Amino acid sequence: MLSFSIVASVGDFISSTRVAGQIKDVDTIGLFTNPWFLVPFAALLGYMFYRQAWRDIVIIAIFMATWHLSGTEYMRTLLVGDELQINKILPVVFGGALALGLVVYLLVSRD
């Protein structure tokens, strides 16, 4: 019973912060042309290339690709009315499982 109340309170906190809406409404073009984001991001990637941290670069690329794909027209058409389109959701599920498996493999494998 205690764990359910914790989950409910975390869910209430997340919905009160409107994080999902903020992520959905991100202006991608504005973000990647803003020097306050672009300079530190480029410095981080440059440092990772210098260190040859390929695992971290691949993980960042996977997260950025996932973020980009979540805003495509294909993702917007997964729900038609109140119905989930099963023929469109299966590639998303398998692609997500593949990406998650790759991230877990990269994090637990030894270099």
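The values are calculated or read from the model by the stated rules, or taken from the named source; none is laboratory data. Please read these numbers as outputs of a predicted model, since none were measured by experiment. With ideal geometry, Cβ positions are generated from the backbone for all residues, glycine too; neighbour counts draw on all protein chains shown. Each accessible area value is taken on the protein alone, full model and side chains, heavy atoms only, with ligands, DNA and RNA left out. Shrake-Rupley method; radii C 1.70, N 1.55, O 1.52, S 1.80 Å.
Which angle from 0 to 90°, rounded to the nearest 10, does the C-alpha axis of helix 54-69 make with the longest principal axis of the chain?
Compared with the principal axis, the helix lies near 40 degrees.
So, with a 1.4 angstrom probe, what is the percent of accessible area on region 1-71 that is carbon and sulfur?
Using a 1.4 Å probe with all protein chains present, region 1-71 comes out at 73 percent carbon and sulfur.
Give the angle, between 0 and 90 degrees and rounded to the nearest 10, that separates the Cα long axis of helix 2-17 from the longest principal axis of the Cα atoms of the chain.
Taking the Cα atoms of the chain, the angle to 2-17 is about 70 degrees.
What number does region 31-111 give for Rg over Rh if you use C-alpha atoms and the Kirkwood radius?
So for region 31-111, dividing Rg by the Kirkwood Rh gives 1.09.
Relative to the longest principal Cα axis of the chain, at what angle does helix 35-51 sit, 0 to 90 degrees, rounded to 10?
In the chain, helix 35-51 runs at an angle near 60 degrees to the longest axis.
Once you have the Cα-Cα distance between Gln52 and Val93, take 0.36 nm times their residue separation minus that, and quote the gain in nm to one decimal.
11.6 nm
Probe radius 1.4 Å, ligands and nucleic acids left out: which of Ile29, Ile59 has the largest accessible area, and how do the rest follow?
These residues rank, largest area first, as Ile29, Ile59.
Using a basic spin-label model with each label point 7 Å from the Cα along Cα→Cβ, how many nm lie between Val80 and Asp12?
According to this spin-label approximation, the distance is 3.9 nm.
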